[in-house]
Amino acid sequence: MADISRLKQLLVNDNGFAFDPVTGLTYNISLTGLDVIQWLKQGHGDEDVVGLIADQYEVDRETAERDYNGFLAALHSYGLLETEESVEQ
Amino acid sequence: MTITIAVTGLHRGENPQPGYGVIRSLRRHRDDLQIIGLVYDALESGIYADGGADVVYQFPYPSAGTAAVLGRLDYIHSQYPIDIFLPTLDSEIHLLVGVGNEFTRRGIRTMLPSEQSYAARSKSNLEQLVAEGDQQTPRSESVADVERLVYAAAQIGYPLMIKGQYYEAYKVYSQLQLVDRFYDIVSRWGAPVVLQRFIEGPEFDVVACGDGQGGVAGMCTIRKTILSDKGKGFGGVTIQDDHLNSLALALIEQLEWYGPIELEFIQDAITGEFYLLEINPRFPAWIDFPSACGLNLPGVVVDGLWNGELPSLPRCSTGKFFLRHSIDLLCDLEDMGTLAAVGEWKPVPK
């Protein structure tokens, strides 16, 4: 489970425009990405989120998992998500 | 009771000065003000902008020396008794730090740092300052001649930044460019210049008003979103980075800074570490931006000097941004001619 404290600070509007008040960077997030962020903020774990993506977007679980991991990697590269290892460091 | 405040640095344009932004902030803050604009050139654009000074006087360049500056101030003071003097340019503050008693003797209030604080933040002393505070600044060398310039550049490595002692900073890629820029900067600002290792990454600015005891009366942090060719922030967004704020506050505490201060940082794009680029003993040109957001630091200075106690302002809200916007001012040649010929001019209120 990743540390989502930075993600919680992200200010996101309904159109997918996001502002990071720590770095000053802005992002455009897809509607799917918006849902994922919302679910993560609500406290859903990885397995839950993958299941929600599969249900909501009518894709198979494998596709949902691949897309979810890709999105997590993007969040991580922008410093918006920290893995437990990086937090420990 | 009307407070009379003298403000310098009214030029806007490609390399904007803070004075006009300071005046706009003061106008936002209170109505009972009479503003005197002190200018070096009749073409300083802020002279003719709406909401500017109530009266404008030509003023000698700091290079004319303390006696000339104070002499002119005495004349202006005899025409419009000055309550508060807010110099906004580095070269002026360099001259005026240490002669605060001259203002006190005249009944003029100023908010200037101590000589010790001022010297400790100079570009040539920055490495020592950050080392004492366990912070970082890009490797720098202060040089005054071409031989040492070339040697120091070889030690630091290209590309690097070359900076004037008060203003201007350029990125140079070769010895040829370096020497060319060296003569260029020295011709305007004199020697020495500072060479600084170039770090790639986003730039950040912190503006504050120090209370002289290690604290601040208010502080605003921005990420620069648009940089001009001269490295000036032509756009920025307010942020709240606790780590960056703690670095800035630690430096202000270390300096026991009194008055306006601007701290410039760069964040290494690879390591994420912040490096202090420079500390300016004044407000930045974008000072009216936080004022418009509710953090009016020029207002804090005036209230502090007037009431004898600095008020404490809340943090600047995040997610507000500014863009520098140029417009053409319509001016009457006769007005400019009066100021140039007589040395003073009073705009007709609109």
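Overall, region B:139-197 carries a charge dipole of about 220 debye about its Cα centre when +1 sits on the Cβ of Lys and Arg and -1 on the Cβ of Asp and Glu, all other atoms neutral. For A:Leu31 and B:Ser228, the FRET efficiency from 1/(1 + (r/R0)^6), where r spans their Cβ atoms and R0 equals 45 Å, is about 0.75. Rounded to the nearest 5, what % of the DSSP beta bridges within chain B are antiparallel ones? Taking every DSSP beta bridge with both residues in chain B, the antiparallel ones total about 75 percent. Projecting the Cα atoms of B:Leu297, B:Ser187, B:Met111 onto the dipole axis of chain B, where Lys and Arg carry +1 and Asp and Glu carry -1 at the beta carbon, places B:Leu297 farthest toward the positive end. Between region B:112-163 and region A:1-80, the C-alpha centres lie 44 angstrom from each other.
A simple spin-label model places the labels of B:Ser312 and B:Ala64 4.3 nm from each other, with each point 7 Å out along Cα-to-Cβ. Rounded to the nearest 0.05, the FRET efficiency derived from the C-beta distance between B:Asn15 and B:Asn101 at R0 = 41 Å is 0.80. Placing a pseudo-label 7 Å from each Cα along the Cα-to-Cβ vector at B:Ala131 and B:Ala292 gives an inter-label distance of 4.3 nm.
If you plug the beta carbon distance of A:Lys8 and B:Cys331 into 1/(1 + (r/R0)^6) with R0 = 30 Å, you get a FRET efficiency near 0.05.
Only the Cβ atoms of Lys and Arg (+1) and of Asp and Glu (-1) were treated as charged; on that basis the dipole of the protein assembly as shown about its Cα centre amounts to roughly 1640 debye.
Taking only C-alpha pairs under 8 Å that are 6+ residues apart, what is the relative contact order of region B:206-350 in percent? With pairs under 8 Å counted, the relative contact order is 26 percent.
Scattering from the protein assembly as shown was approximated by placing one identical point on each alpha carbon and applying the Debye formula without solvent; log10 I(q)/I(0) at 0.05, 0.10, 0.11 1/Å stands at -0.22, -0.79, -0.92. When both region B:271-347 and region B:1-35 are represented by their alpha-carbon centers, they are found 7 Å apart.
Shown for the protein assembly as shown: cysteine residues without a partner Cβ closer than 4.7 Å, namely B:Cys209, B:Cys293, B:Cys331.
For chain B, the residue among B:Val206, B:Ile162, B:Trp257 whose Cα projects farthest onto the positive side of the dipole built from Cβ charges is B:Val206. GNM on chain A, alpha-carbon springs under 10 angstrom: the most fluctuating residue among A:Asp55, A:Asp20, A:Asp67 is A:Asp55.
Relative contact order of chain B: 19 percent, from C-alpha pairs under 8 Å at least 6 residues apart in sequence. Springs between alpha-carbon pairs under 10 angstrom, Gaussian network model over chain B: which of B:Trp257, B:Trp189, B:Trp286 fluctuates most? So, out of B:Trp257, B:Trp189, B:Trp286, the one fluctuating most is B:Trp189.
Taken about its Cα centre, region A:5-80 carries a charge dipole of roughly 460 debye when the Cβ of each Lys and Arg holds +1 and the Cβ of each Asp and Glu holds -1.
With the simple model of a label 7 Å out from the Cα in the direction of the Cβ, B:Asp74 to B:Arg139 spans 5.1 nm.
Ordering A:Gly33, A:Gln9, A:Leu52 by Cα displacement along the dipole of region A:5-80 toward the positive end leaves A:Gln9 in first place; charges were set at the Cβ atoms of Lys, Arg (+1) and Asp, Glu (-1).
A short reminder: the numbers here are calculations on the coordinates, not readings from a lab. Small disclaimer: the values here were computed from a predicted structure and weren't measured. Counting neighbours? That spans all protein chains shown, and the Cβs are built from the backbone with ideal geometry, glycine included.
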